[in-house]
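The values are calculated or read from the model by the stated rules, or taken from the named source; none is laboratory data. Since this is a predicted model, take the numbers as computed values, not measurements. Quick reminder, even Gly has a Cβ in these numbers, built from the backbone with ideal geometry, and neighbours come from all protein chains shown. SASA here: full protein model, heavy atoms, side chains in, ligands and nucleic acids out. Shrake-Rupley method; radii C 1.70, N 1.55, O 1.52, S 1.80 Å.
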Amino acid sequence: KKWEGYRSASSIALQSVTFRFISDAAAQSAALLAGDIDLFSRVQVARNIQQFKNDSRFRVLVGGSRAKTIVAMNNARKPLDDVRVRRAISMAIDRQAVIQGAADGLGVPIGSFYVPGAAGYVDTTNMVPYDPEKARALLKEAGVAGLSLSMKLPPTPYAKQGGEVIAAMLAKAGITVTLESVEWAQWLSQVYGKKDYDLTIISHVEPFDFGNFAKPDYYWGYQSQEFNELFDKIKHTPRPADRARLLGDAQRLLAHDSVHGFLYTPQWVTVANKKLR
């Protein structure tokens, strides 16, 4: 009888919840402001977030994520197989300015393929700092001054806006970037499948996907025996403290190798009616 009571009470609660799917950002805001929606997680209100913060009807929660937004580089393609060229690209990018321009200020800079709050996280953002002059010098040293590259952009706002911002930054370091917008089907076939790209902007959302750097055929074209051995140790190390130390070493290695232009981890916004608990 207790169990039956629990079941009926829980089913009544669930029946009183209506789920709506609204993909358009303006429509999301309008539905909240009209009171049609009581709670919206991962809502696209970054540009008018202050309006909701100032409205006593709402509670605004800004939370971290496990996503890593990067300028992915094709490490198998010349001249991106040269660490000096990859480092120059990374050094030409001002992460904070990208967060403002591409993520409406809602992001935390990252220096490797790992995010604050994850077990074993270390701050590597200063390993490859923003330095356009040093970027120019590295390109000259690598013999590719006046470099031209293409960047394929998937149809997400963070990629399209990020592409414009980053292309302008790279131009200041002497790198000409041609932007090419593609649909997801094209991105999956050309970039991920055929590895036919120089640069792309993508947010990897899997919580623990370090193993991608150890895959020999992954679309990044990164090959490192040192990383493979390190990742193997991480997988077979049971003690949390030892594992955290190894994870720190792995983050530093990826930052040192400038495998990608590591940009930021996005922050997600939830807007809820203040009456909700």
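Among Gln251, Gln190, Gln225, determine the one that fluctuates most according to a GNM of the chain built with springs between C-alpha atoms less than 10 Å apart. Among Gln251, Gln190, Gln225, the largest mean-square fluctuation in the Gaussian network model of the chain belongs to Gln225. Legend: Rg and Dmax of the stretch 39-165, from Cα coordinates, 17.6, 59 Å. Given +1 at the Cβ of Lys and Arg, -1 at the Cβ of Asp and Glu and no other charges, the dipole of the chain around its Cα centre is 920 debye to the nearest 20. Multiplying each eigenvalue of the alpha-carbon gyration tensor of the stretch 20-77 by 5 and taking the square root yields semi-axes of 31, 13, 10 Å, largest first, rounded to whole angstroms.
Given R0 = 35 Å, the distance between the Cβ atoms of Ser150 and Gln100 translates into a calculated FRET efficiency of 0.90. Within the chain, the longest run free of exposed loop sites, counting chymotrypsin sites (Phe, Trp or Tyr not before Pro) that sit outside DSSP helix and strand states (H, G, I, E, B) and have at most 11 other Cβ atoms within 10 Å, spans 22-207.
In loop segments of the stretch 76-124 as defined by DSSP, the trypsin sites (Lys or Arg not before Pro) with at most 15 further C-beta atoms inside 10 Å of their C-beta are Arg77. Computed over every Cα-Cα pair of the stretch 112-230 and binned at 5 Å starting from 0, the pair-distance distribution P(r) comes out as 2, 9, 15, 17, 21, 20, 13, 2, 0 percent. Computed from point charges on the beta carbon alone (+1 for Lys and Arg, -1 for Asp and Glu), the dipole magnitude for the stretch 182-277 about its Cα centre is near 740 Debye. Counting only protein heavy atoms, what percent of the accessible surface of the chain is carbon or sulfur at a 1.4 Å probe? For the chain, the apolar C and S fraction of the accessible surface comes to 53 percent. Checked against a 31 Å cut-off, the cross-linked pairs Lys134/Lys194; Lys53/Lys172; Lys194/Lys235; Lys68/Lys195 give Cα-Cα distances beyond that limit for Lys134/Lys194; Lys53/Lys172.
Here the sum of -39500 (n - 2.57) over DSSP H runs of 4 or more residues, divided by the residues of the chain, equals -11000 deg cm²/dmol at 222 nm, to the nearest 500. Each 5 Å bin from 0 upward holds the following percent of the Cα-Cα pairs of the stretch 166-277: 2, 8, 14, 17, 16, 15, 10, 8, 6, 3, 1. Using the Kirkwood formula on the Cα atoms of the chain, what hydrodynamic radius do you get, in angstrom to one decimal? Result for the chain stands at 20.8 Å.
What the stretch 118-277 shows is 50 Å² of accessible area per residue, with the surface traced by a 1.4 Å probe over protein heavy atoms.
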